[in-house]
Amino acid sequence: MEDSHYGLDQAIINELKELIDDHKLSDVHDIIKKIDSVQLAYFLSTAINDHREKLINILDQDSLRNALVHVVPDLCVEIIETLGIQSAAELLSGLNAEDIVAIMKDLDKKSIENILYYLPDKIKESVQELLSYPEESAGRLIHKNMVIAPYYWTINQLTEYLRNHKKKIPESFYQIFIINSRLEPIGSVDLSKIISSSGDTIIQDIMSYDIKIIKTGVDQEEVARLFQDYSLVSAPVVNKRGKIIGVILIEDVIKVVQQETEEDALKIGGVLSQTDINASVSKTIMTRLPWLLFNLLAATLCSIVIGFFEHTIESFIILPIIMPIIASMSGNSGSQTVTLTIRALATKRLTEQNTKRILVKEFFIGLINGVILSAISLIVISLRFHDFKTEIIFAVSMITMSVIATFTGAFIPIILNRLKSDPAISSSILTSATTDILSALIFFGLATIVLLNNYY
């Protein structure tokens, strides 16, 4: 049988469900031992509430702890609520501070305080420090457990230090960052250079001075962009005084990229937070309803505009037949431009310096596309209706709306970005509402001027 997501075979999923229902705990544990933490997290994420709750209560702490790191935020909250604060704190205390913060960040303030109360003092201090940094900032991504060395050490001194401090060495690292007497990062040495250099080599002679230093308050998107642009595998993070306090690794950035991509996709769809299919009904409604209400308002305004032209529509039945073509094409044109503009803003490829050029470019793209699309559509309309004046109105409306939709699709995200508002949240919906209303206004307005006046 072909493996499903995360490689967890459907047969194993079905078997787990049956064993949980039959309360065969020893058999459940046998299966859990054969699958990894990611696969277990996948099962928890897709299982029904009853199966999930039963499994949480019978899992050993190591299995549940390791799976919790890979579980989606809303489900983490649910699992912690199922366990209870004290049990959850005991479970989390076996993780490093970075993973604890990643799990706790979606809890309410009171739950966070209660869990912190039960955490061991050493872990609590590290967690509180990470939580003190703004959400989605570089400070939340740092690993406190790192390897640093002074520039004047030899390779022998460095390797001796690593052998004598095995417990302090992180499980995975790619570079050792070199510091001066003020604990400021001044360079780095790749592990490959350390391995290939002789023991009496001084670190300063082989280290690279080209490092990208990140401050704690930098947005995580900017961190991801820095890693991408410079092909980094790790980077030092410094506090306000410039002292190194941790490192960010490439695996953290991969998670950030995935998270930001999911957020943008949700925002474009009118969902304001990182809810997923495991979220509660009330939370899901509250995240979807605001923009649905806005859509309702926009649709109502559009129907009011169409209502102004009631007599025109009654006199010329052809108009409502071809009107959806204009609305649909302008909406699609606007959506295409919105998507590309938001992407350009996110990657910093659209700046104040090239905004004017981009807007002019989108104007001409809309004009050319409008001419091409209207010409193709006119062939079909002329064969069906044989009405020259209506065809001209359609062509003018199509071209005009293509220009407006394409220009608006670029203009709205740019303006929202200038106003320090996230363009991914509302650009698509605002553009769609604008094109729907203007399509009706321009098409029926022209028809009223050209057709209805002559008709009477």
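The values are calculated or read from the model by the stated rules, or taken from the named source; none is laboratory data. Treat the numbers as computed from the prediction; the structure is a model and nothing was measured. All Cβ positions, glycine included, derive from the backbone under ideal geometry; neighbour counts span all protein chains shown.
Points worth noting:
Each row is one residue, and each column tells you yes or no for (1) at pLDDT 90 or above; (2) within 29 Å of residue 105 (Cβ to Cβ); (3) in the same structural domain as residue 73 (by TED's automatic domain parsing); (4) not acidic (Asp, Glu).
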| residue | (1), (2), (3), (4) |
| --- | --- |
| 191 | yes, no, no, yes |
| 208 | yes, no, no, yes |
| 214 | yes, yes, no, yes |
| 226 | yes, yes, no, yes |
| 250 | yes, yes, no, yes |
| 261 | no, yes, no, yes |
| 285 | no, yes, no, yes |
| 288 | no, yes, no, yes |
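- Boolean, residue 424 is at pLDDT below 85, buried (at least 19 other Cβ atoms within 10 Å of the Cβ) and either over 30 Å from residue 256 (Cβ atoms) or not β-branched (Val, Ile, Thr) (or both): yes
So that you can scan it fast, the table gives a plain yes or no per residue for (1) exposed (fewer than 15 other Cβ atoms within 10 Å of the Cβ); (2) touching a Pro at 6+ places or on another chain (Cβ under 8 Å):
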residue: 158; (1), (2): no, no
residue: 171; (1), (2): yes, no
residue: 179; (1), (2): no, yes
residue: 187; (1), (2): no, no
residue: 207; (1), (2): no, no
residue: 211; (1), (2): no, yes
residue: 217; (1), (2): yes, yes
residue: 224; (1), (2): no, no
residue: 243; (1), (2): yes, no
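Residue by residue, here is whether (1) outside the structural domain of residue 234 (by TED's automatic domain parsing); (2) under 26 Å from the mean Cα position of the chain (by Cα) holds:
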site	(1), (2)
131	yes, yes
163	no, no
168	no, no
172	no, yes
176	no, no
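- Taken over region 189-205, residues that are part of a loop (DSSP other than H, G, I, E, B), surrounded by fewer than 11 Cβ atoms within 10 Å (Cβ to Cβ) and small (Gly, Ala, Ser) amount to 1.
- Members of region 315-331 that are in contact (Cβ under 8 Å) with a residue 12 or more places away in the chain and within 18 Å of residue 372 (Cα to Cα): 322, 323, 325, 326, 327, 329, 330, 331
- Odd one out for residue 122 among (1) over 22 Å from residue 43 (Cβ atoms); (2) within 25 Å of the chain's Cα centre (by Cα): (2)
- The single condition among (1) under 20 Å from residue 221 (Cβ atoms); (2) free of Cβ contacts under 8 Å to residues at least 24 places away in the same chain; (3) basic (Lys, Arg) that residue 348 does not meet is (2).
- Test: residue in region 348-359 that is acidic (Asp, Glu) and farther than 30 Å from residue 260 by Cβ: no
- Entry remark, region 206-236: residues being of a type outside the set (A, V, I, L, M, F, W, C) and assigned to a helix (DSSP H, G or I) number 7 in total.
- In region 1-24, residue surrounded by the fewest Cβ atoms within 10 Å (Cβ to Cβ) [restricted to those that are modelled with pLDDT of 85 or more and within 21 Å of residue 66 (Cα to Cα)]: 17
- Qualifying residue in region 70-85 (condition: buried (at least 16 other Cβ atoms within 10 Å of the Cβ), over 24 Å from residue 136 (Cα atoms), modelled with pLDDT under 90 and outside the structural domain of residue 246 (by TED's automatic domain parsing)): yes
- Test for residue 17: is it of a type in the set (Lys, Arg), assigned to a helix (DSSP H, G or I), over 21 Å from residue 129 (Cα atoms) and outside the structural domain of residue 259 (by TED's automatic domain parsing): yes
- Number of the condition not met by residue 233 [criteria: (1) modelled with pLDDT of 95 or more; (2) within 26 Å of residue 99 (Cα to Cα)]: (1)
- Extreme residue, nearest to residue 34 (Cα to Cα), among residues of region 57-70 that are part of a helix (DSSP H, G or I) and in contact with a helix residue (DSSP H, G or I) (Cβ under 7 Å, 6 or more places away or on another chain): 63
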